[in-house]
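**Student:** Pasting a structure below so you can have a look.
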Amino acid sequence: MDTATAERAGHGEGAERRRGRTACVRLAAATLAVVSAVLGCRAGDTDGITPVPQLLAFLPWLLAPTGLALALALLTRWRTGMVWGVAVLGGLAWYTEPYGRLSEPTGTPLAGLRVMTANVQFGWATDALVAAVERKKPAIVFVAECEYSCSRALTDAFGGPGGALPHRAAVEGAESEGSVILSRFPLKPADGVPGTTMGMPGAVADVNGHPVRLQLAHPMPPVPGQVDVWRRELGALRDYAAASGEPTILAGDFNASQDHAAFRRILDTGLRDSSRLAGAPRTPSWPSRTAPALGTQIDHVLVSRDFSARKADFLGLARSDHHALVVDLTLRRRG
């Protein structure tokens, strides 16, 4: 090879390396820009617009693409990207910490009760739910997406005189519209929070002589085009929580995690997430195909300051895209 040919080969290799470096820097910059936008909304206490609400649900998992971007910055010696990547990693780590109050009441115990919430996905997981209820024996069950056949099956399995959960409040409907609250304790009627398409029944339970307000949560998911509806229905649940002066359990599929501002505003009313109280603040409940290895916790049992929580279990339900949540609560006297 003569000198001219060698020089041309060297220039070609150098140009190829420069193109490769440029591509890596662009990929790292694009990744950091997207994650920074999501992180900025989290820091600014807003859910933003699509696709931010969808990405906020998986905020802790954004550590992975951020780590990749930082690795590319290191590989290409892109100093701005190094500093940027470290800053974003630090912000994500900061907001991975659980949100909300942690203190529990210390008053005299009045009653112990096990609460379950489950989304049975258009009723498909009804049989799995019946088996889980028989195994776990909860005192109160909140069931989302319990359509007509699901509602009848739960009545047949647990209702009527002598049934394990003879009392119920329901919004009957097809597919995702139906929802049911089952209870071992007597229930009094109460207005539920109105939903645009999915039922959210309410009731007041007589727990050993102590009234406890029950409200099922199932707002519209934040799919593109429906984010305003999702935000509005979470706001209605927040208003319900703020207006409650009695012991309250607000449970169900919130279609929101603690990284959503609309959900944090519910916690800001004074309700506590029982999963966090029981030591499982970020255990994923959806989607069931990848949880708990990968997912987000959008199924919650929120309780007023009258309750302490001892244990939280997430259960897989065959044919549902959600895991059920079972929490052991203790109702305590205030003060």
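**Student:** Return only the number of the condition from (1) farther than 21 Å from Ala144 by Cβ; (2) within 13 Å of the chain's Cα centre (by Cα); (3) at pLDDT below 95 that Ala261 does not satisfy.
**Tutor:** Unmet for Ala261, out of (1) farther than 21 Å from Ala144 by Cβ; (2) within 13 Å of the chain's Cα centre (by Cα); (3) at pLDDT below 95: (3).
**Student:** Inside region 259-277, can you point out the residues that are touching a Pro at 6+ places or on another chain (Cβ under 8 Å) and closer than 9 Å to His300 by Cβ?
**Tutor:** Asp273, Ser275
**Student:** Hey, another quick one. Considering region 103-113 alone, what residues qualify as being under 17 Å from Ala205 (Cα atoms) and either in a loop (DSSP other than H, G, I, E, B) or small (Gly, Ala, Ser) (or both)?
**Tutor:** Ala111, Gly112
**Student:** When you go through Ala190, Ala139, Ala118 one by one, which is the residue that is closer than 23 Å to Gln258 by Cα and touching a strand residue (DSSP E or B) at 6+ places or on another chain (Cβ under 7 Å)?
**Tutor:** Exactly one of Ala190, Ala139, Ala118 is closer than 23 Å to Gln258 by Cα and touching a strand residue (DSSP E or B) at 6+ places or on another chain (Cβ under 7 Å), namely Ala118.
**Student:** Within region 123-138, can you find the residues that are open to solvent by less than 40 Å² (accessible area, probe 1.4 Å) and assigned to a loop (DSSP other than H, G, I, E, B)?
**Tutor:** Residues satisfying the conditions are Gly123, Ala125, Pro138.
**Student:** Another question about this same structure. Within region 38-49, identify whether any single residue is part of a loop (DSSP other than H, G, I, E, B) and open to solvent by less than 40 Å² (accessible area, probe 1.4 Å), and answer yes or no. So that I can check it myself, show each step before the final result.
**Tutor:** Of the residues in region 38-49, the ones part of a loop (DSSP other than H, G, I, E, B) are 44-49.
So of that shortlist, the ones also open to solvent by less than 40 Å² (accessible area, probe 1.4 Å) come out as 47-48.
Yes, some residue in region 38-49 is part of a loop (DSSP other than H, G, I, E, B) and open to solvent by less than 40 Å² (accessible area, probe 1.4 Å).
**Student:** Of the residues in region 310-335, how many are touching a Ser or Thr at 6+ places or on another chain (Cβ under 8 Å), within 18 Å of Leu271 (Cβ to Cβ) and open to solvent by less than 10 Å² (accessible area, probe 1.4 Å)?
**Tutor:** Adding up the residues that qualify gives 3.
**Student:** Tell me, yes or no, whether region 144-165 has at least one residue that is farther than 22 Å from Asp47 by Cβ, surrounded by 23 or more Cβ atoms within 10 Å (Cβ to Cβ) and within 21 Å of the chain's Cα centre (by Cα).
**Tutor:** The answer is yes, given that some residue of region 144-165 is farther than 22 Å from Asp47 by Cβ, surrounded by 23 or more Cβ atoms within 10 Å (Cβ to Cβ) and within 21 Å of the chain's Cα centre (by Cα).
**Student:** Next question. If Met116 passes every condition in (1) under 30 Å from Leu154 (Cα atoms); (2) in a helix (DSSP H, G or I) but one, which one does it miss?
**Tutor:** Status for Met116: all satisfied but (2).
**Student:** Now a separate question. Checking Ser275 against (1) buried (at least 24 other Cβ atoms within 10 Å of the Cβ); (2) in a loop (DSSP other than H, G, I, E, B); (3) among the hydroxyl-bearing types (Ser, Thr, Tyr): exactly one of these is not met. Which one?
**Tutor:** Of everything listed in (1) buried (at least 24 other Cβ atoms within 10 Å of the Cβ); (2) in a loop (DSSP other than H, G, I, E, B); (3) among the hydroxyl-bearing types (Ser, Thr, Tyr), Ser275 misses just condition (2).
**Student:** Could you list all residues from region 278-309 that are among the hydrophobic types (A, V, I, L, M, F, W, C), touching a residue at least 12 places away in the same chain (Cβ under 8 Å), open to solvent by 20 Å² or more (accessible area, probe 1.4 Å) and over 24 Å from Ala236 (Cα atoms)?
**Tutor:** Ala278, Leu294
**Student:** Turning to a different aspect of this structure: Please determine whether any residue of region 248-256 is of a type in the set (S, T, N, Q), modelled with pLDDT of 95 or more, under 25 Å from Gly100 (Cβ atoms) and out of contact with any Pro (no Cβ under 8 Å at 6 or more places or on another chain).
**Tutor:** Yes, there is a match, as at least one residue in region 248-256 is of a type in the set (S, T, N, Q), modelled with pLDDT of 95 or more, under 25 Å from Gly100 (Cβ atoms) and out of contact with any Pro (no Cβ under 8 Å at 6 or more places or on another chain).
**Student:** Any idea which of (1) over 16 Å from His322 (Cα atoms); (2) open to solvent by less than 10 Å² (accessible area, probe 1.4 Å) is the one Val120 doesn't satisfy?
**Tutor:** (1)
**Student:** Could you list all residues from region 57-98 that are crowded, with 17+ Cβ neighbours inside 10 Å, within 27 Å of the chain's Cα centre (by Cα) and not in a helix (DSSP H, G or I)?
**Tutor:** Ala57
**Student:** Quick check, is Met220 free of Cβ contacts under 8 Å to residues at least 40 places away in the same chain, within 19 Å of Ala236 (Cβ to Cβ) and either crowded, with 19+ Cβ neighbours inside 10 Å or among the hydroxyl-bearing types (Ser, Thr, Tyr) (or both)? Even if it seems obvious, please write down each step before you answer.
**Tutor:** Details: free of Cβ contacts under 8 Å to residues at least 40 places away in the same chain: yes; within 19 Å of Ala236 (Cβ to Cβ): yes; either crowded, with 19+ Cβ neighbours inside 10 Å or among the hydroxyl-bearing types (Ser, Thr, Tyr) (or both): yes.
Answer is yes for this residue.
The values are calculated or read from the model by the stated rules, or taken from the named source; none is laboratory data. These numbers were taken from a predicted model, which means no experiment stands behind them. Don't worry about glycine lacking a Cβ; one is built from the backbone with ideal geometry, like all the others, and counts go over all protein chains shown. Accessible surface areas use protein heavy atoms only, side chains included; no ligands, DNA or RNA. Shrake-Rupley method; radii C 1.70, N 1.55, O 1.52, S 1.80 Å.
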